[in-house]
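Have a look at the structure below, then the notes.
The values are calculated or read from the model by the stated rules, or taken from the named source; none is laboratory data. From a predicted model like this one, the values you see are computed outputs, not experimental measurements. Reconstructed Cβ throughout: ideal geometry from the backbone, glycine too, with neighbour counts over all protein chains shown.
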């Protein structure tokens, strides 16, 4: 793995806040605002206006239904814009057949650096924001996604600062792609940066499989991920645990009081389909149960 350069700082200029005007979306807004203020970024609030079932019931009522739908969306978006006071902002309401159609169009037109969204329910993203739409966003976009799940308590943004960032690394190239985000966010907030690697649980009476790192080797590789001068800005805490990755990430988040979890995830072009499914299941589990927001970065 290559060492991240000390001057490799991320630049977040444009944050897209995807909202369906629900309580989970409202819970995500302070986090998008917090990061926008830290990086001097602009927030674009996007609402996808989808066809209503009433539009198909009677053709003559379609204009009225559409007008009412638009009026309601504009009223809700006014509240979102008021909550964004103090940061550069833009609001967009666009019609489309589904959320991904609208979002992908905006992503192709704008240079978006981060997507922020909130999710419903603890059953994973497939039953999250706007039905299956969040699962599609999470799976298909190449842009980093900040997801605020149902386990995040209201007001958990700590008055606009992160005190502890947890970076969970598989010690591979995919995880390394997320390192600059974890470092930069910890540095911006002068917070602790906890570096976690989860090893397979040892089996009694059996030797570890070839290639499995020892605790000392894993801890050393974690420390090597971060430039030596980065700890002048943030406190580094390497941690190595044994067990199932998702469960250990959540347990560590509780123990260290994490305000943010950062994960590297495979991109869409990976050939390791099985590994991607396992990894995605871990990411879903973490997002659905984490006590803090989760930032996923494509490697």
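Here are the numbers for the structure shown:
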| read-out | value |
| --- | --- |
| Failed criterion for residue 117 (all others in (1) exposed (fewer than 15 other Cβ atoms within 10 Å of the Cβ); (2) closer than 26 Å to residue 298 by Cα; (3) modelled with pLDDT of 75 or more hold) | (1) |
| Criterion violated by residue 252 - all others in (1) modelled with pLDDT under 95; (2) surrounded by fewer than 22 Cβ atoms within 10 Å (Cβ to Cβ) satisfied | (1) |
| Residue satisfying all of: in region 172-212; more than 22 Å from residue 145 (Cβ to Cβ) and in contact (Cβ under 8 Å) with a residue 12 or more places away in the chain; farthest from the chain's Cα centre (by Cα) among these | 202 |
| Residues of region 74-102 that turn out to be in a helix (DSSP H, G or I) and touching a helix residue (DSSP H, G or I) at 6+ places or on another chain (Cβ under 6 Å), as a count | 3 |
| Verdict on residue 38 being out of contact with any helix residue (DSSP H, G or I) (no Cβ under 8 Å at 6 or more places or on another chain), surrounded by 15 or more Cβ atoms within 10 Å (Cβ to Cβ), at pLDDT below 95 and assigned by TED's automatic domain parsing to the domain that holds residue 135 | no |
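Rundown of residues vs (1) in the same structural domain as residue 105 (by TED's automatic domain parsing); (2) closer than 26 Å to residue 288 by Cβ; (3) surrounded by 14 or more Cβ atoms within 10 Å (Cβ to Cβ); (4) at pLDDT 95 or above, yes/no style:
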residue	(1), (2), (3), (4)
3	no, no, no, no
7	no, no, no, no
27	yes, yes, yes, no
60	yes, no, no, no
75	yes, no, no, yes
